[in-house]
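Q: Structure in structure tokens, see below.
The values are calculated or read from the model by the stated rules, or taken from the named source; none is laboratory data. Note that the structure is predicted; figures quoted are calculated from it, not measured. Cβ atoms come from the backbone with ideal geometry, glycine included; neighbour counts cover every protein chain shown.
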């Protein structure tokens, strides 16, 4: 007996002992309606919360202040914002 014939015999043996598909499919217990209704209710509540939530008024972009603005206030900053008077220092 070669390898091919051994696999054919094994396949036939397994096919004979395997249950038929149709009775297995029909014997499945009917699903309960309660989990489906609970899932549908959860989806509807989630959609309602997202769609109908109260909107907070957004502040104007001109009123916004960066939280790191204090870092720009450095010592000696007034030297960088003014032009020195060089005429007054010569004689």
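Q: If you scan the range 45-91, which residues turn out to be in contact with a helix residue (DSSP H, G or I) (Cβ under 9 Å, 6 or more places away or on another chain) and surrounded by 10 or more Cβ atoms within 10 Å (Cβ to Cβ)?
A: none
Q: Quick one: count up the residues across the range 13-32 that are exposed (fewer than 10 other Cβ atoms within 10 Å of the Cβ) and at pLDDT 90 or above.
A: Here the count works out to 1.
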